[in-house]
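The values are calculated or read from the model by the stated rules, or taken from the named source; none is laboratory data. Every value quoted in this text rests on a predicted model; they were computed, and no experiment measured them. We place every Cβ from the backbone using ideal geometry, glycine too, and count neighbours over all the protein chains shown. Accessible surface areas use protein heavy atoms only, side chains included; no ligands, DNA or RNA. Shrake-Rupley method; radii C 1.70, N 1.55, O 1.52, S 1.80 Å.
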Amino acid sequence: MLNPFRWKFRSLEEPCTPTGPNVNNAKPFFMDLSGNRFSISLPAPTSAKYVDQLRPHTKYNINQQSDYHSEYSRPDDPRLPILAFSWGYYGPLFTGLVAELNCVAAIISVKPRCEGFTLFRSAHLESYIESDLRHVFSNEDEINFGRARTIAPVNWAVVTANETIGVQYEEHSVPGDAGVRRSRIVTLPISEERYLELTFHYHPQAYLKDLNESNALINPAPMDALVDSIIDSIDIELSEQSKQERQQVLDQYPDEKLSEYRAPFKFTTEAQDKEWADHQKEQVRLAKIFAN
């Protein structure tokens with residue numbers, strides 16, 4: 001049966017709360033990650049404009065390094081994709097698709113950062129995340145007139161998934177930056193040098209100035225609810241080896257805990273800060289000229 005809410009005959013002009021997949025229709029998926037048992041509940045995918053759908057296998061050898069591939073922005077930390085789902089969100093009658101939510105899961109192989117490095121150590125995990133974010137968002141391609149184009153981490157929080165503990169946080173485009181970018185990332189260690197990464201990308205369909213304008217026009221609450229539900233459904237049972245590795249860390253560092261809050265990092269240098277300040281002054285000067 002054709003659904004008229006999916007027909008697009010007019011643009012979305014008024015704020016709306018879009019309709020997407022029913023969270024209650026999520027179905028569990030089970031994966032064996034070299035003895036680490038991972039399960040997650042997801043609704044059936046409905047849309048795929050931004051990622052190629054990838055249904056998970058039931059078993060992966062996460063120790064087979066040749067199965068991993070490197071990304072340009074993270075050459076030292078190759079990834080093994082295991083899942084990619086997308087869901088469409090629809091506006092009022094005849095406005096069609098107004099947003100898309102992607103969920104991408106992968107195993108990340110980490111190059112040790114120091115002697116005795118282990119992702120099961122809270123200090124090492126947080127240090128790794130910080131260095132990774134700084135590497136990506138301090139890159140010259142991510143700096144515009146001296147200002148970083150991304151704010152991260154935002155909404156940092158601890159995530160418990162049965163036998164392992166990690167964190168989640170968001171990456172936001174800065175107000176006024178061209179394009180709208182928002183992602184939520186979940187990082188869960190499953191061995192000393194491997195972690196499960198889930199990334200949720202939010203994609204509004206309309207051309208919008210920035211994230212604030214996007215959230216005002218397209219209420220992200222239904223997408224946030226689905227992401228929360230998916231994260232809550234994650235269950236990880238560590239392999240015997242991973243359990244032993246994690247227990248050794250807990251025994252050696254019994255009082256070490258993950259931070260409950262982290263403020264966004266500064267990705268720019270003093271010279272870049274000056275460049276941005278000079279750019280803003282020039283914009284004000286030009287605005288006065290054109291106003292006269």
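Odds and ends about this structure:
- Magnitude of the charge dipole for the chain, about its Cα centre and with charges confined to Cβ atoms of Lys, Arg (+1) and Asp, Glu (-1), is about 960 debye.
- Between Tyr253 and Phe265, the contour length at 0.36 nm per residue exceeds the alpha carbon distance by 1.7 nm.
- Computed extension gain for His69 through Ala225, at 0.36 nm per residue and net of the alpha carbon distance, reaches 53.0 nm.
- Cβ crowding within 10 Å averaged over residues, with 74-80, 11-17, 38-44 ranked highest first: 38-44, 74-80, 11-17
- Remark: segment 42-53, residue by residue, has Karplus-estimated 3J(HN,Hα) of 9, x, 4, x, 10, 8, 7, 8, 9, 9, 7, 4 Hz, where x stands for each Gly or Pro and the curve is 6.51 cos²θ - 1.76 cosθ + 1.60 at θ = phi - 60°.
- Computed on segment 1-112, with alpha-carbon pairs under 8 angstrom and 6+ residues apart, the relative contact order is 33 percent.
- Here's the picture: charge each Lys and Arg Cβ at +1 and each Asp and Glu Cβ at -1 in the chain, and of Pro204, Ser122, Ser259 the one pushed furthest to the positive end of that dipole is Pro204.
- The distance linking segment 23-70 with segment 206-277 is 20 Å (Cα centroid to Cα centroid, whole angstrom).
- Each peptide in 89-100, 258-269 gets a packing score, the mean of other Cβ atoms within 10 Å over its residues, and the list from highest to lowest is 89-100, 258-269.
- Shape call, segment 161-292: gyration tensor on alpha carbons, a/c limit 1.5: oblate
- Highest to lowest packing among 244-255, 210-221, scored as the average C-beta count within 10 Å: 210-221, 244-255
- Per-pair calculated FRET efficiency, R0 = 41 Å: Ile289 and Thr160 via Cβ, rounded to 0.05: 0.15
- The residues of the chain expose on average 53 square angstrom of accessible surface per residue, using a 1.4 Å probe on protein heavy atoms.
- Here the chain exposes an accessible surface that is 51 percent carbon and sulfur, computed with a 1.4 Å probe and the other protein chains kept in place.
- Between Arg37 and Lys243, the modelled labels are 1.0 nm apart [label points 7 Å from Cα along Cα→Cβ].
- Phe94 long-range amide H proximity, modeled H, under 5 Å: Trp7
- Of the residues His57, Ser109, Pro75, the one whose Cα sits farthest toward the positive end of the charge dipole of the chain, with +1 on the Cβ of Lys and Arg and -1 on the Cβ of Asp and Glu, is His57.
- Value of [θ]222 nm, deg cm²/dmol, for the chain, DSSP H segments ≥ 4, -39500 (n - 2.57) each, nearest 500: -8000 deg cm²/dmol
- Take the Cβ atoms of Leu93 and His57, set R0 to 51 Å, and the FRET efficiency comes out at 0.80.
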